Amino acid sequence: PDNAVVVVSGNVTSKEIFDLAERYFGGITTRCQPRDIPSEPKQTERRELCVERDVPSSKVCLSYNIGTMTSRDFYISDLLTDILADGSSSLLPVALIRAKHLCVETNASVMDTMDPGFIMLTATANEDENADNANLLKDIEAELRNILLSAKRIFPARPMKRRVWRMRTPSSIL
């Protein structure tokens, strides 16, 4: 049980819990296996996958490679996701929901791991306004090109984000 987690709540003593843990898990041997997981090959061209299913609404997901959470790429991408989708007055909701009525929901996030991650942008199509979604991906990408990034939009968010980053990262990254 190298990576086991057990959570217990209730009217029990720690001795009872440790006795039960030993009874049920004590016979399991430790398996310290090396984690030699190969990295994915470097992506050199666009990859696209279109999945069609009978679902209530269509969703578009765009993702872009970024570095590990200790790289400068991660912090730039983290700031970018806040500018794009953190709140109703952010760039994606304003452009794709309120102005163009292409979507009913937008989101942007980063994968924060020690391995190289990605920034992911998602948009759920507004089926009422956009019955023919064939061009939704192109419309979203075009809108992203128009949005990304003027200095006027970056600087208001930057001081607040830097305070958060300083709490959890080495100062050499910033």
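The values are calculated or read from the model by the stated rules, or taken from the named source; none is laboratory data. Predicted model, so just to flag it, every value in this text is computed and none were measured. Note: ideal-geometry Cβ built from the backbone for every residue, glycine included; neighbour counts use all protein chains shown. Only protein heavy atoms, including side chains, enter the accessible area calculation; ligands, DNA and RNA are left aside. Shrake-Rupley method; radii C 1.70, N 1.55, O 1.52, S 1.80 Å.
One table, with the values for the structure above:
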item	result
Separation in nanometres of the label points that stand 7 Å from Cα toward Cβ, at Glu48 and Glu22	6.3 nm
³J(HN,Hα) computed for each position of the stretch 73-87 - Karplus, 6.51 cos²θ - 1.76 cosθ + 1.60, integer Hz, glycine/proline x	3, 4, 6, 5, 5, 4, 5, 4, 5, 5, 5, 6, 9, 8, x
Accessible area per residue, Å², the stretch 38-81 with all protein chains present, probe 1.4 Å	83 Å²
Placed amide H near Ser90: partners under 5 Å, 5+ positions off or other chain	none
Residues with amide H under 5 Å from that of Ile66, placed H, sequence gap 5 or more	Gly117, Phe118, Ile119
